[in-house]
1. If I filter segment 59-91 down to residues being farther than 8 Å from Leu30 by Cβ and not in a helix (DSSP H, G or I), which single residue comes out as most open to solvent (accessible area, probe 1.4 Å)?
2. Can you name the residue in segment 98-122 that is closer than 17 Å to Thr88 by Cα and in contact with a His (Cβ under 9 Å, 6 or more places away or on another chain) and is also most open to solvent (accessible area, probe 1.4 Å) among such residues?
Amino acid sequence: MFHPAAIKFLSLSCLLFPLNAFAQGSAFNLENWPETQPGLKPMYVKAIMEQAGVHKVSFKLPADFYITELDKFATFAAENNYRPYLKTSVAQNLATLAVIHCDWNNDVPPWEFAQKYLGDNQITLLKTFNQNAIIKLQNNCVE
């Protein structure tokens, strides 16, 4: 399901997100997100975002946005039985959401990065989750 470049990125992500091994490691997947105590979600999301910053990735959208999007994405993935997303770490799913929402700022043009990171099949699938975000992304984040 994941593009080869995404697999490489996802493999490296284990090294990129070491702040909280449980939160970012393979033990804390999207399927675990709905059961997470609401008070812990901001800490997890902020830790993921801060660690991405160490690797020269910045975000404009706030942590609350990602908490809401992860909640919606976890529900979407569960309802549609999208096991690859459910079995993927919260950190990697947050990165996917940031990419489709034009908020993974790493000095690579957004659409170019999305094609490398997500690949065509995943972009098509994610269009069923948020068509407007994907259309904006395909326009290189210009509305």
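The values are calculated or read from the model by the stated rules, or taken from the named source; none is laboratory data. None of these values were measured; they are calculated from a predicted model. Every residue, glycine as well, gets a Cβ built from its backbone with ideal geometry; the counts of neighbours run over all protein chains shown. These accessible areas exclude ligands, DNA and RNA; they are computed on the full protein's heavy atoms, side chains included. Shrake-Rupley method; radii C 1.70, N 1.55, O 1.52, S 1.80 Å.
1. Step one: filter segment 59-91 for residues farther than 8 Å from Leu30 by Cβ, giving 59-69, 71-72, 75-76, 78-84, 91.
Of the ones still in play, those that are also not in a helix (DSSP H, G or I) are 59-62, 80-82.
On the way: Phe59: 40, Lys60: 173, Leu61: 55, Pro62: 78, Asn80: 70, Asn81: 99, Tyr82: 53 Å².
Once the filter is applied, the top-ranked residue is Lys60.
2. At the first step, the residues of segment 98-122 found to be closer than 17 Å to Thr88 by Cα are 98-100, 117-119, 121-122.
Filter again for in contact with a His (Cβ under 9 Å, 6 or more places away or on another chain), leaving 117-119, 121-122.
Values: Tyr117: 10, Leu118: 2, Gly119: 3, Asn121: 126, Gln122: 1 Å².
It comes out as Asn121.
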